[in-house]
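First comes the structure, then the notes that go with it.
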Amino acid sequence: MAGIIFLRTAEFERTVEFYTGQLEMDVWLEQPSITILRHENLLIGFQDRRDERPDTDGLITFFYRDREQVDRMYAVLADRATSEPKENTRYRIYNFYAEDPEKRNIEFQCFLHELPAWG
């Protein structure tokens, strides 16, 4: 099974540019008023809804294989970061948080323990 998270956006072009430009997501599929982006096994569809409130609740988490990749993303997003990278011993992760152009919470992390195979 596969899935896609769809989110309304009031700033469609700016949001898609942020996720493709700064977060290096690929355009997976274009549909009328929708762009579906991909980062490894994560699919997010942004729907152009300029006349509606954007979906900004929740948390979008990107995870990476190691601390260096998380630190690299922090360097790219330092101006949008709401925390610095740090180790979270409870969840055994290394992470930081930032906001996208519409103030969605996004997290960047790596796991500090072995994981099942994931691609």
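Quick notes on this one:
- Residues that are closer than 28 Å to residue 11 by Cα, free of Cβ contacts under 8 Å to residues at least 60 places away in the same chain, surrounded by 12 or more Cβ atoms within 10 Å (Cβ to Cβ) and not polar (S, T, N, Q), drawn from the stretch 86-105: 96, 97, 98, 99
- Answer from 97, 91 - the residue that is among the aromatic types (Phe, Trp, Tyr), touching a strand residue (DSSP E or B) at 6+ places or on another chain (Cβ under 6 Å) and either within 18 Å of residue 42 (Cβ to Cβ) or in a loop (DSSP other than H, G, I, E, B) (or both): 97
- Looking only at the stretch 51-85, and only at residues there that are hydroxyl-bearing (Ser, Thr, Tyr) and in a strand (DSSP E or B), the one that is surrounded by the fewest Cβ atoms within 10 Å (Cβ to Cβ): 61
- Test set (1) touching a strand residue (DSSP E or B) at 6+ places or on another chain (Cβ under 9 Å); (2) polar (S, T, N, Q); (3) in contact (Cβ under 8 Å) with a residue 40 or more places away in the chain - residue 35 fails condition number: (3)
- Of all residues in the stretch 34-81, those satisfying the criterion of being in contact with a Lys or Arg (Cβ under 8 Å, 6 or more places away or on another chain) and more than 23 Å from residue 96 (Cβ to Cβ) are 47, 49, 52, 53.
- Checked against the criteria, residue 102 counts as of a type in the set (D, E, K, R), touching a Pro at 6+ places or on another chain (Cβ under 9 Å), at pLDDT 95 or above and not in a strand (DSSP E or B).
The values are calculated or read from the model by the stated rules, or taken from the named source; none is laboratory data. As the structure is a prediction and not an experimental result, all values here were calculated from the model. Cβ sites come from the backbone with ideal geometry, for glycine too, and all protein chains shown count toward neighbours.
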